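First the structure, in the form of structure tokens, and then the observations on it.
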Amino acid sequence: MGDANIVGSNWRMVEVGRVVLLQGNGPHTGRLAAIVEIIDHKRILVDGPSADAKLAVPRQALPTSEVLLSPFVIENLPRGIRQAGLKAAWEKAGIDAKWKESNWAKRKEQTERRQALTDFDRFKVMRLKKQRRFEQRKALAKVKASA
């Protein structure tokens, strides 16, 4: 029999430097932070020195159940780094730019935008979708007729 080499997904690990998205019912829900220290197997110390005020998080201890791990990591971040050092490493790694380019952030922004729509805005979106669908079906019928 051949050797089986089983390797888990590496980006799902709780590690110092991993960027997380806060969830739950707290005031900082939906913001980004980096893991600065691992307190125990259920709690971590996070800090989010984002330049964007909407994404900044003060240093705090959180249970791992209230964070979502992102695929972004700040490489070679020492344990227990202070605010100024973390901010420099955050900017050097370009975490804010990477986050804004990720599909996760785009989807989150789109969801927030749709939740803010009024009834009339939803009606306009429905009409635009119907127009698009009509044009697509018309083009498909033209292609089928010529084939």
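The numbers here are math on the coordinates, done by the rules we state, and not lab data. Predicted model, so just to flag it, every value in this text is computed and none were measured. Positions of Cβ are backbone-derived with ideal geometry, glycine not excepted, and every protein chain shown enters the neighbour counts.
Listing for the model above:
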item: Region 10-95 shape via C-alpha gyration tensor axes, a/c threshold 1.5; result: rounded
item: Sorted largest first, extent of region 60-123 alpha carbons per principal axis (Å); result: 52, 27, 20
item: Anchor Lys42: aspartates and glutamates whose Cα lies under 19 Å away (excluding residues fewer than 8 positions away in-chain); result: Glu15, Glu66
item: Distance in nm between pseudo-label sites at Thr111 and Asp3 (7 Å out along the Cβ direction from Cα); result: 4.2
item: Residues Trp99, Trp90, Trp104 arranged by fewest to most Cβ contacts within 10 Å; result: Trp104, Trp99, Trp90
item: For Ala34, residues with placed amide H under 5 Å, excluding near neighbours; result: Val20, Asp47, Gly48
item: Length-normalised contact order of the chain in % [C-alpha pairs under 8 Å, at least 6 apart]; result: 18
item: Segment Thr118-Lys138, length gained on full extension (0.36 nm per residue, minus Cα span); result: 4.2 nm
item: Loop-located trypsin sites (Lys or Arg not before Pro) in region 5-97 whose Cβ has at most 16 other Cβ within 10 Å (DSSP); result: Lys42, Lys54, Arg79, Arg82
item: Label of the coordinate-derived value, Cα Rg over 2.2 N^0.38 Å, listed as (i) 0.99; (ii) 1.50; (iii) 1.04; result: (ii)
item: Average Cα contact separation per residue, region 10-95, under 8 Å, 6 or more apart, as relative contact order %; result: 31
item: 222 nm mean residue ellipticity, helices alone, for the chain (DSSP H n ≥ 4; -39,500 (n - 2.57); rounded to 500); result: -13000 deg cm²/dmol
